[in-house]
1. Within the stretch 65-102, which residues are among the aromatic types (Phe, Trp, Tyr) and either farther than 13 Å from LEU36 by Cα or surrounded by 23 or more Cβ atoms within 10 Å (Cβ to Cβ) (or both)?
2. Taking ALA205, is it in the same structural domain as ILE149 (by TED's automatic domain parsing), buried (at least 19 other Cβ atoms within 10 Å of the Cβ) and small (Gly, Ala, Ser)?
3. Being farther than 27 Å from ARG58 by Cα and in a helix (DSSP H, G or I) narrows it down to one of GLU163, GLU135, GLU182, so name that one.
4. Within the stretch 237-251, take every residue that is more than 26 Å from the chain's Cα centre (by Cα) and part of a strand (DSSP E or B) and give me the one that is nearest to LEU157 (Cα to Cα).
5. Restricting attention to helices (runs of 4 or more DSSP H) lying wholly within the stretch 1-103, give those where 1 or more residues are of a type in the set (D, E, K, R) and closer than 26 Å to VAL207 by Cα.
6. Return a yes/no flag: does the stretch 252-267 have any residue that is touching a Phe, Trp or Tyr at 6+ places or on another chain (Cβ under 6 Å), touching a residue at least 60 places away in the same chain (Cβ under 8 Å) and in a strand (DSSP E or B).
7. Would you confirm, using the coordinates I've provided, whether SER152 is modelled with pLDDT of 85 or more, crowded, with 16+ Cβ neighbours inside 10 Å and among the small types (Gly, Ala, Ser)?
Amino acid sequence: MATVGSKAVLTALLANVGISVAKFAGFLITRSTSMLAESIHSATDSTNQLLLLLGARRARRPPSPTHPFGYGRERYFWSFVVALVLFSAGAAFAVYQGIAKVRSPHDLDNIGWAIGILVAGIVLETWSLRTAVLEARPLRGNTSWSRFIVTSKQPELPVVLLEDAGALAGLVIALGALGMAEATGDPRWDGAGTLAIGVLLAIIAVVLAREMQSLLIGEAADPDDQSAIETAIASVAAVDRLIHLRTQHLGPDQILVGAKVAFDQGLDTVAIAAAIDSVEEEIRRVVPDANPIYVEPDLDRGSDPPSS
């Protein structure tokens, strides 16, 4: 079964493979380090999309004795690896090449070819970014794009959105650097553009690594889901009070729910078991991703917080 964001990942993969080949050919023709940095950038992005697809595939494995809650966090892990690859293979390489070109500039050849390749790359990256935006829009709702990227529990879409936006910005930077190098006759502009691309990639990699680290450690369900779970528990007639609630994403589509609940003290063991079944049923009705659910009956001592 395809995961959310798989269409965006495949589109980005196809676009980046084609762009990478074209950019590298442009580097061989022009000897522009901006073109070389951009070709490595696109090759890195292609590798990253393959890693995202690998993570999505591995996450679908059924639970095992050593991983009883399944492998949903594989998608977070491989997205974190994407951030590391982007930083090491993309950003570090571009910064190194940019510094080297500024310190030891050399003239560029056939800049017209490079400009044509960069313009074609902008068209393909725009197509890829548009696909990611369209796929993310239903999940984003009314939140801003920046908020969506840092709060989404679906790792593929934020990764592709940031990569595509970064790729577009990198293409524009490379285009501007080559234009300035041609206009001024100073090839150090090409090195400055390469350096700027490296800094841009480093920033994107840090943002991605920070968000994926948070998801790997374990994030609670969204406030809307938590509120819906609390309401569902309170709606069961046998419930006196929700004492506290704990939630954690085991994967993008799997939420662990633990609730301590005070039931009507007049209920016997059989009735409490039936009430717990009703609570679980109501939770799954309002939040289908809630699984597994653990409900602990307890006395209402009035000291525990209702949720966190």
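The values are calculated or read from the model by the stated rules, or taken from the named source; none is laboratory data. Here the structure is a predicted model, which is why all the values come from computation and not from measurement. Using ideal geometry, Cβ is built from the backbone for each residue, glycine included, and neighbour counts are taken over all protein chains shown.
1. Looking only at the stretch 65-102, we keep the residues that are among the aromatic types (Phe, Trp, Tyr), and these are 69, 71, 76-78, 80, 87, 93, 96.
The answer is PHE69, TYR71, TYR76, PHE77, TRP78, PHE80, PHE87.
2. Numbers: in the same structural domain as ILE149 (by TED's automatic domain parsing): yes; buried (at least 19 other Cβ atoms within 10 Å of the Cβ): yes; small (Gly, Ala, Ser): yes.
So ALA205 fits the description; yes.
3. Numbers: GLU163 fails: farther than 27 Å from ARG58 by Cα; GLU135 fails: farther than 27 Å from ARG58 by Cα.
Going through GLU163, GLU135, GLU182 in turn, just one is farther than 27 Å from ARG58 by Cα and in a helix (DSSP H, G or I): GLU182.
4. Applying the first criterion (more than 26 Å from the chain's Cα centre (by Cα)) to the stretch 237-251 yields 237-245.
Then keep just the ones that are part of a strand (DSSP E or B); that gives 239-245.
Values: VAL239: 39, ASP240: 41, ARG241: 38, LEU242: 35, ILE243: 36, HIS244: 32, LEU245: 29 Å.
It comes out as LEU245.
5. Details: elements: 6-30, 33-59, 74-85, 92-103.
In the stretch 1-103, the matching helices (runs of 4 or more DSSP H) lie at 6-30, 33-59, 74-85.
6. Restricting attention to the stretch 252-267, the residues satisfying the condition of being touching a Phe, Trp or Tyr at 6+ places or on another chain (Cβ under 6 Å) are 258.
Adding the requirement that they be touching a residue at least 60 places away in the same chain (Cβ under 8 Å) leaves none.
No: zero hits.
7. Numbers: modelled with pLDDT of 85 or more: yes; crowded, with 16+ Cβ neighbours inside 10 Å: yes; among the small types (Gly, Ala, Ser): yes.
Taking the combined requirement at face value, the residue satisfies it.
Here's the yes/no breakdown for (1) among the charged types (D, E, K, R); (2) under 23 Å from LEU161 (Cβ atoms); (3) in contact with a Cys (Cβ under 8 Å, 6 or more places away or on another chain):
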| site | (1), (2), (3) |
| --- | --- |
| ASN16 | no, yes, no |
| GLU38 | yes, yes, no |
| THR47 | no, yes, no |
| GLY72 | no, yes, no |
| SER88 | no, yes, no |
| VAL95 | no, no, no |
